[in-house]
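The values are calculated or read from the model by the stated rules, or taken from the named source; none is laboratory data. This is a predicted model, so every value here is computed, not measured. Every residue, glycine as well, gets a Cβ built from its backbone with ideal geometry; the counts of neighbours run over all protein chains shown. Accessible surface is based on the protein model in full, side chains and every heavy atom, while ligands, DNA and RNA are left aside. Shrake-Rupley method; radii C 1.70, N 1.55, O 1.52, S 1.80 Å.
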Amino acid sequence: MEMFLRNPLYTNPEPCQHLAEYKLKHGFNGYKAIQKLLVTSPIGKTSVKKPKTVPRCGFCNGCEGRFYLCLICSSFSCLDHTILHPQSETGHAVFVDIERAELYCGVCCDQLYDPDFDQVVMSKHSMGLTSGVTGNESIGQRLIKRRRLISGVGLNFQKSKGGVSTKDMRAKSCYPMGLRGLNNLGSTCFMNSVLQVLLHAPPVREYFLSGGHRLEACHRRRTTDLMCLLCEVNAIFSAVYSGDQNPYTPAQFLYSWWQHSANLASYEQQDAHEFFISMLDAIHEKDGKSRNGSKGNEDCQCIAHRVFYGLLRSDVTCMTCGFTSTTYDPCVDISLNLNTSVSSTEKGKKLNKRNDDGSMSTLSGCLDLFTRPEKLGSDQKLYCQNCQEKQDSLKQMSIRKLPLVLSLHVKRFEHSFVKKSSRKIDHYLHFPFSLDMSPYLSSSILRARYGNRIYSFGGDESDMLSEFEIFAVVSHSGTLESGHYVSFVRIRNQWYKCDDAWITEVDEATVRASQCYMIFYAQKTLYNKANEDQSHAPNSPGRELYFPIAGCC
């Protein structure tokens, strides 16, 4: 933190003045009062104990949705009316979200992060260790039970009718290694959801747990005061895979990311996809230069490109003479428009989830739309080298090279510059857990276009590695102005919901019903290989950093 403040190139965004004024006038009285009301569920989720009577908003008398408790007068407000309470009661700007035990400013209309409040919440876990209460066990208590079960200390092995087997108790006592909640630092659910994906992306996990980022060498090469984003990612991996399951606070990482993406440095909610792209750019900027020198992205050996790098092919065909111009564009993800028509591969399948208008959206339909020939408008005429003038054209996209990890971004946010308005598309999207990308490869597209008239389709080793398995989903709920990101990660065919500090086990139906915003697939061979490692234990630094798959990197 001190190093961060000394950096003259970066200024930490100003903290909320209303929170500062509250603490100056009231100190920690409100925090201490709230601590007595905190309850922690067996899965580690902390919330404020609700009153015996149903809480109602003091303005609209509503009793649905999330409620916020004023730290000064203890009155309740719904999210829409938290802004009115400070107007009617001077100085009453700071609230606590009773469902999530997080601070909220009614004037700024934003979540707040305060290390002092975070300490109050986390100390509740420690208090639970000695309280002897079993109804709401903390994560620490469950870890102690787990150690006892493993060692056999304090267990009664005599069988009884109502007893639970050791195997069952161990299965319920904790989650797999690497599952750890991330504290919200003030509207940072966009960051936490993407970080959870990276923590469980097989090649990224293998890279950091096997010592792929050399901390000592990095410190020796550092020539500026900028914090190293890779070092902070490495620190998160070390903390998450340490075995400690108390929620982790990625504050240092946030500061580092702000340094590398100063235009996004604020306490406001950001777009998860935009964060994902900016983080990969920052990693490439740091890791790529040290590894590649002057090499281009295609040959880049940084971890971002080795895992996510793919290549798109764009064919533009003149509708007058048939001349085709081909270009290739690197990508780290593919953005897809929502399509409401069922693709040929989905026909005949039972798709239960329909949108309100009766339409259905499928991932294969979105990919079909992405690779479908598109006639360019009259204002988009392109110069034809053969005709020597601008002509009407057809444009068709395809995938020349598939990455190790395929990131698909669903365009749910529409922005109209003409109408000067924005909206969110709430359509549900049907997506498979196993995905065959071969129909969308350049070789397949060209084969369908030309048939047997040509022999070389421009294919490569990607053709042999076109089968993928899903391992993570980032979903967005709520509206464009007030929404929330969570991620779902798949570990050994079991799904877990990562909602900031809280991890819960969920079924496949829950994942499929979510409004997916980003979907992550790993090459099937890679995914199966990762699942063979049941312990997820760190590897020795000398071990191969990637699984031996033909055509990788």
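So how much slack lies between Asp426 and Asp271, counting 0.36 nm per residue of separation and subtracting their Cα-Cα distance, in nm? Spell out each step's value before the answer.
Values: separation 155, 0.36 × 155 = 55.80 nm, distance 1.60 nm.
Full-extension gain reported as 54.2 nm.
Can you list the residues, at least 5 places off or on another chain, whose amide H is less than 5 Å from the amide H of Ala501, using H built in the peptide plane?
The list, which skips near neighbours in sequence, is Leu182, Asn184.
Taking the simple approach of a point 7 Å from Cα along Cα-to-Cβ for both Ala20 and Cys63, what is their distance in nm?
Spacing of the two 7 Å Cα→Cβ label points: 4.2 nm.
Which cross-chain or sequence-distant (5 or more) residues have an amide H under 5 Å from the amide H of Leu480, H modelled 1.01 Å from N in plane?
HN-HN under 5 Å from Leu480: Lys424.
Sort the following peptides by mean Cβ neighbour count (other Cβ atoms within 10 Å, averaged over residues), highest first: 478-486, 384-392.
Numbers: 478-486: 15.7, 384-392: 13.3.
The most tightly packed comes first, giving 478-486, 384-392.
Given a cut-off of under 8 Å on Cα pairs at least six residues apart, what relative contact order in percent is computed for the stretch 17-128? It would help to have the intermediate numbers written out before the result.
On the way: 163 pairs, mean separation 28.1, N = 112.
With pairs under 8 Å counted, the relative contact order is 25 percent.
Just grab the label-to-label distance for Ala262 and Ser88, each label 7 Å out from Cα along the Cβ direction, in nm (one decimal).
4.4
In terms of modelled amide H atoms, which long-range or inter-chain residues lie less than 5 Å from the amide H of Leu429?
Cys516
Relative to the present Cα-Cα distance, how much length would full extension add between Cys73 and Arg449 at 0.36 nm per residue of separation? If you can, show how the numbers build up before the last one.
Numbers: separation 376, 0.36 × 376 = 135.36 nm, distance 7.00 nm.
So the chain would gain 128.4 nm between Cys73 and Arg449.
Sort the stretch 17-128 into rounded, prolate or oblate with this rule: let a ≥ b ≥ c be the square roots of the eigenvalues of the Cα gyration tensor; rounded if a/c is under 1.5, and if a/c is not under 1.5, prolate when a/b is larger than b/c, oblate otherwise. Before the final figure, lay out the partial values.
Details: a/c = 1.93, a/b = 1.18, b/c = 1.63.
It comes out oblate by the Cα gyration axes.
Mind listing the phi-derived Karplus ³J(HN,Hα) values for the stretch 95-108, rounded to whole Hz, using 6.51, -1.76 and 1.60 with θ = phi - 60°, and x for any glycine or proline?
10, 10, 5, 5, 7, 10, 6, 10, 6, 9, 9, x, 7, 6
Taking all protein chains as present, what is the carbon and sulfur share of the accessible area of the stretch 17-128, in % to the nearest whole number, probe 1.4 Å?
Numbers: 3140 of 5780 Å².
The C+S portion of the solvent-accessible surface of the stretch 17-128 is 54 percent.
At a Förster radius of 51 Å, what calculated FRET efficiency corresponds to the Cβ-Cβ distance of Asp244 and Ser314, to the nearest 0.05? Intermediate values should be presented prior to the final figure.
Numbers: r = 48 Å, r/R0 = 0.93.
Here the calculated transfer efficiency is 0.60.
Mind giving me the FRET efficiency for Met122 and Lys395? R0 is 35 Å, r the Cβ-Cβ distance, nearest 0.05 is fine. Don't jump to the answer; show the numbers that get you there.
Working: r = 54 Å, r/R0 = 1.53.
The computed FRET efficiency comes out at 0.05.
Between Lys49 and Glu505, what's the calculated FRET efficiency when r is the beta-carbon distance and R0 is 30 Å? Round to 0.05. Before the final figure, lay out each step's value.
Details: r = 24 Å, r/R0 = 0.79.
It comes out at approximately 0.80.
Where the accessible area of the stretch 471-536 is counted over protein heavy atoms with a 1.4 Å probe, how much of it, in %, is carbon and sulfur? If you can, show how the numbers build up before the last one.
Values: 1050 of 2400 Å².
Carbon with sulfur: 44 percent of the solvent-accessible area.
Counting heavy atoms of the protein chains only and a 1.4 Å probe, report the per residue accessible area for the stretch 17-128 as a whole number of Å².
Numbers: 5780 Å² over 112 residues.
Ligands and nucleic acids excluded, the figure is 52 Å² per residue.
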